[in-house]
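Some notes on the structure that comes next.
The values are calculated or read from the model by the stated rules, or taken from the named source; none is laboratory data. What you see is a predicted model, and the numbers here were worked out from it, not measured in a lab. Reconstructed Cβ throughout: ideal geometry from the backbone, glycine too, with neighbour counts over all protein chains shown.
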Amino acid sequence: MNKLRRLILQGAGVVAAGLLAPLNALAATWNKEAFGAKSAADALKSIGAADAAASNDIVIEAPEIAENGAVVPIEVTSNVPGTRSIAVVVEKNPFPLVAKFDFTEGALPYVKVNVKMGETSDVRIIAEAGGKSYTASKNIKITIGGCGG
Amino acid sequence: MAGPMKMRATAQGGVTEIRVLMTHPMETGQRKDSDGKLVPVHFIQSVVVKLNGKTVVDGQISQAVSRNPVFSFRVKGGAKGDKVEVSWVDNHGDSNQTEAAVA
């Protein structure tokens, strides 16, 4: 009787673990801590870029003044040799980290993305190469914010 | 829920440029609807680009990417007819994908 009960319980445990596993895998993919950070400093810390060195090899193409903060085009090219990832941080957004792209198998360290900006802010780019982080930033003025309603 | 995606991949000078458009509301969780209620946060979290089955770009994004996101990526190499696939997953677990041949 006891043995049977144990078997059933074990079986239930295995099933539960099986159901939970894919959810956990998904959560691990998206860096909740970094994207949930409410200051640029915390966001940089959680992607391991707190000590990023300033670099002129990161090219940011973006408007000086964006009329509409809901759609601000940002184009980034990293000329730092061996760049493996590019992250985009809008320093004054409620959640500053906007995106992080990892490049493999011949992808060039380049990305163009439209972001929302709540107010005039520095947009900071982090490039990771050879285990080190490099950064550059550009100030973009916003006439109408794109985060509230 | 998942709206249509559009993609164009063109090879020029040894580089394949991939432009992709996704249909998604990208709600920030801060916008209010006409009744003054907050619209719940709903956004794409993960974007993956593959060339001939190999992952070339693995991206994570936040709700601060604009509505109906448009991305451009560049990959070294790639020839006419190569297969490009782009997929996304949002915070509800919804997903979508599209594929196209390099032109």
If A:PRO81 passes every condition in (1) more than 9 Å from every other protein chain (Cβ to nearest Cβ); (2) in contact with a Ser or Thr (Cβ under 9 Å, 6 or more places away or on another chain); (3) outside any strand (DSSP E or B); (4) not aliphatic (A, V, I, L, M) but one, which one does it miss? (2)
Residues in the range B:71-87 that are in contact with a Lys or Arg (Cβ under 7 Å, 6 or more places away or on another chain) and within 11 Å of another protein chain (Cβ to nearest Cβ) total 2
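I'd like the full set of residues that are assigned to a loop (DSSP other than H, G, I, E, B) and of a type in the set (A, V, I, L, M, F, W, C), limited to the range B:64-103. Please lay out each step first, then the result.
We begin by selecting, within the range B:64-103, every residue assigned to a loop (DSSP other than H, G, I, E, B); these are B:64, B:66-69, B:77-82, B:91-94, B:102-103.
B:ALA64, B:ALA79, B:VAL102, B:ALA103, listed by residue number.
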Among the residues of the range A:88-124, count how many are within 23 Å of B:THR16 (Cβ to Cβ) and either at pLDDT 95 or above or assigned to a strand (DSSP E or B) (or both). 14
Failed criterion for A:GLY130 (all others in (1) within 29 Å of B:GLY13 (Cβ to Cβ); (2) modelled with pLDDT under 95; (3) within 14 Å of chain B (Cβ to nearest Cβ) hold): (3)
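Is at least one residue of the range A:35-49 over 17 Å from B:SER72 (Cβ atoms), of a type in the set (Gly, Ala, Ser) and part of a strand (DSSP E or B)? Give the steps one after another, and end with the answer.
Taking the range A:35-49 and keeping what is over 17 Å from B:SER72 (Cβ atoms), we get A:35-49.
Right, trim to of a type in the set (Gly, Ala, Ser) and you get A:36-37, A:39-41, A:43, A:46, A:48-49.
The next check asks that each one be part of a strand (DSSP E or B); those that pass are none.
No, because not a single residue in the range A:35-49 is over 17 Å from B:SER72 (Cβ atoms), of a type in the set (Gly, Ala, Ser) and part of a strand (DSSP E or B).
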Hey, could you check the range B:37-57 for residues that are free of Cβ contacts under 8 Å to residues at least 12 places away in the same chain and within 7 Å of chain A (Cβ to nearest Cβ) and say which is surrounded by the fewest Cβ atoms within 10 Å (Cβ to Cβ)? B:LYS54
